[in-house]
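Q: Once you've had a glance at the structure underneath, I'll fire off some questions.
The values are calculated or read from the model by the stated rules, or taken from the named source; none is laboratory data. Bear in mind the structure is a predicted one, so any value in this text is a computation, not a measurement. Cβ placement follows ideal geometry from the backbone for every residue including glycine, while neighbour counts extend to all protein chains displayed. Side chains are part of the model used for accessible areas, which takes the heavy atoms of the whole protein and leaves out ligands, DNA and RNA. Shrake-Rupley method; radii C 1.70, N 1.55, O 1.52, S 1.80 Å.
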Amino acid sequence: MEITQQCVVALTWTLKDTLGEELDVLDEPVEFLVGGSDLLHKIEEALQGHEPGARLDLHLEPEEAFGDFNDQMIFLEPRGLYPQELEEGMTFEGSALPSGSNPDAPKDALYTVTAIYPEHVVLDGNHPLAGIALRLSLKVEAVREATEEEVGRGSCGTGFFKVQPQAPGGTTLH
């Protein structure tokens, strides 16, 4: 079956930055809805017309991926507003920021704690890959029709690069 809008593709990939540093690897196929919110537009565009077995190498500039780094999304917050067990790398949804946080911090962003000082905490609302050009080598493992539920949801439920907390030192990208 050929890839078109409103179908589901199972992909494996290796994601690197332009210096060749490996950022993410999918060894086992993960399903994504084409024509929904699971994949970046440039990836969906490149997949059109391909069939299982196809291999693609893509270069994504920041504006085609996770945007440019925005220093207006860095916020210094009073340390006392946050739990004592706070650690660098932890994430907070903007809607869950403590009362007393900067009112200019957008509520629809995900914030990562990037530094902790005695008097304040540094929160970064940029995506961890913002400002980075990416190289994606992917393989189409399978293609199938999307279910009505998947089309209605606009997703297979996996998303593209969901950020999840990891052990100290960073984030895991799925």
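Q: Given the conditions (1) outside any loop (DSSP other than H, G, I, E, B); (2) at pLDDT 95 or above; (3) more than 23 Å from GLU145 (Cα to Cα), report the number of the one that LEU23 does not fulfil.
A: (2)
Q: Give the residue that is farthest from GLY80 (Cα to Cα), with candidates limited to residues of the range 113-132 that are open to solvent by 20 Å² or more (accessible area, probe 1.4 Å) and assigned to a loop (DSSP other than H, G, I, E, B).
A: ILE132
Q: Among the residues of the range 133-174, write down those that are hydrophobic (A, V, I, L, M, F, W, C), at pLDDT 55 or above and in a strand (DSSP E or B).
A: Of everything in the range 133-174, those that are hydrophobic (A, V, I, L, M, F, W, C), at pLDDT 55 or above and in a strand (DSSP E or B) turn out to be LEU134, LEU136, LEU138, VAL140, ALA142, VAL143.
Q: Let me ask you something else. In the range 35-48, which residues are farther than 17 Å from LEU15 by Cβ and either modelled with pLDDT of 95 or more or in a helix (DSSP H, G or I) (or both)?
A: Of everything in the range 35-48, those that are farther than 17 Å from LEU15 by Cβ and either modelled with pLDDT of 95 or more or in a helix (DSSP H, G or I) (or both) turn out to be GLU45, GLN48.
Quick grid of which residues meet (1) touching a helix residue (DSSP H, G or I) at 6+ places or on another chain (Cβ under 7 Å); (2) more than 30 Å from GLU22 (Cβ to Cβ); (3) exposed (fewer than 13 other Cβ atoms within 10 Å of the Cβ); (4) among the β-branched types (Val, Ile, Thr):
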position: GLU45; (1), (2), (3), (4): no, no, yes, no
position: ARG55; (1), (2), (3), (4): no, no, yes, no
position: HIS59; (1), (2), (3), (4): no, no, yes, no
position: PRO62; (1), (2), (3), (4): no, no, no, no
position: ARG79; (1), (2), (3), (4): no, yes, no, no
position: GLU87; (1), (2), (3), (4): no, no, yes, no
position: PHE92; (1), (2), (3), (4): no, no, no, no
position: SER95; (1), (2), (3), (4): no, yes, yes, no
position: TYR111; (1), (2), (3), (4): yes, no, no, no
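Q: Of the conditions (1) part of a strand (DSSP E or B); (2) out of contact with any strand residue (DSSP E or B) (no Cβ under 6 Å at 6 or more places or on another chain), PRO29 clears all except one; give me its number.
A: For PRO29, the failing item is (2).
Q: Give me the residue from the range 97-109 that is farther than 15 Å from HIS127 by Cα and in contact (Cβ under 8 Å) with a residue 12 or more places away in the chain and, out of that set, surrounded by the fewest Cβ atoms within 10 Å (Cβ to Cβ).
A: SER99
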